[in-house]
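A short write-up of the structure that comes next.
Nothing in this text is a laboratory measurement; each read-out follows from the coordinates by a stated rule. In this text, all values refer to a predicted model and were calculated from it rather than measured experimentally. Here Cβ is always computed from backbone atoms with ideal geometry, including for glycine, and neighbour counts include all displayed protein chains.
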Amino acid sequence: SDVKRFADRVTVMRGGRTIQTLDPQTVSVPELVRLTVGDSAPASEYQPATPGEVRLQVRDLRSTGAGGHGALNGVTLSLRAGEIYGVAGVGGNGQSELANVLMGLPEPCQGTLDLAGFGDLRRASPEQRRQLRIAAIPADRYGTALAGELSVAENFGVGQIHSGRYGSFFNLRRKRLEADAAEAVAGFDVQGVRSLKQKAALLSGGNAQKLVIAREFSRDPQLVLVHSPSRGLDVRATAAVHARLRAARDAGAAVLVISEDLDEVLALADRIGVMSGGRIVAEFDRPADRQAIGRAMVSHGELSHGELNLEGVNHE
């Protein structure tokens, strides 16, 4: 609606290329939505999820930024065991802030993250998160997920440094560490590893992502939190990452995937929550209607009749 109200010309981009440039006064809002999100792809083979108990209940997350205006405006959602929940939305609607809160990165906000059997996850230390078997795969794999100046083996082993499996930080059992790292590199098909002692910064984006997943999945996670898992990856690496996420779901993990790539969300998710204006404004079960999701993505909370407004829902 802002485009039609203010713009003289509008260019629609999708998947890194220009789709069309047109006069916004001559095109309807539904057609703009269709151009933005694309047409539905042919249905692919899909194994239905068997969701279990609620593993993580997110309630009323609100940012406490400068002036009281934050990017999170009451995010509420539930993650169930044995299910992939995808968060879709146009960039800049609070996805990064939500990922930061869930993964324990600094993000001042109010609200609760109720983890089954533990309580408020926001109180958990990094060591406790490891003990609770929580896997975190952030969007910034080089800046946040990996320490580029450390070796491949050290980046793999840091996830269990508190367990004592590799001794202490100052007295590492390097043979055991390197044996486990070598097994993970082979099992997760991490290419370009000439030596386990090489710096992680030398890995390509896809292989860096596979190293992160190898580390995070090394303890059979019960909760998997992922932001933009295939950003910058080629088709082969993307397929490998998606396969690991589905395998985690099938093993009983609750998996959350936040992605601005709607095709990725549609390919992975058993349930889809649309994020707009800093909150989840609609939810869709698979198979989801692409155009309905597109309308919710640009609605800013003003949903048409028949779409699910979640404000006040899921406060179980």
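Amide H to amide H, with H built 1.01 Å from N, residue 223 comes under 5 Å of 135, 254, counting only residues 5 or more places away or on other chains. Which whole-number percent of Cα pairs in segment 145-204 have a distance greater than 13 Å? The share of Cα pairs beyond 13 Å in segment 145-204 comes to 58 percent. Within the chain, the whole DSSP H helices whose Cα atoms reach 18 Å or more along their own axis and whose mean Kyte-Doolittle score is at least -1.0 are 174-187, 235-250.
Within straight-line reach of residue 199, meaning a Cα separation under 19 Å, sit the following aspartates and glutamates at least 8 residues removed in sequence or on another chain: 140, 149, 154, 178, 180, 183, 189, 216.
Beta-bridge orientation, the chain: approximately 60 percent antiparallel, per DSSP, counting only bridges with both partners inside. Taking 250, 285, 23 in turn, the Gaussian network model of the chain (Cα-Cα springs below 10 Å) assigns the largest fluctuation to 23. Dividing the convex hull volume of the alpha-carbon atoms in segment 110-263 by its residue count gives 128 Å³ per residue.
Computed over the chain, the P(r) tail beyond 34 angstrom holds 26 percent of alpha carbon pairs.
Using Cα-Cα distances under 8 Å and only pairs 6 or more residues apart, what relative contact order does the chain have, in percent?
Numbers: 581 pairs, mean separation 75.7, N = 316.
Reported relative contact order: 24 percent.
Our coupling estimate for segment 136-149, obtained by passing each phi through the Karplus curve with A = 6.51, B = -1.76, C = 1.60 and θ = phi - 60°, is 10, 10, x, 5, 8, 6, 7, x, 10, 7, 10, 9, x, 7 Hz, Gly and Pro reported as x. Between the residues 223, 25, 273, the greatest Cα displacement towards the positive end of the dipole of the chain, with unit charges on the Cβ of Lys, Arg, Asp and Glu, is found for 223.
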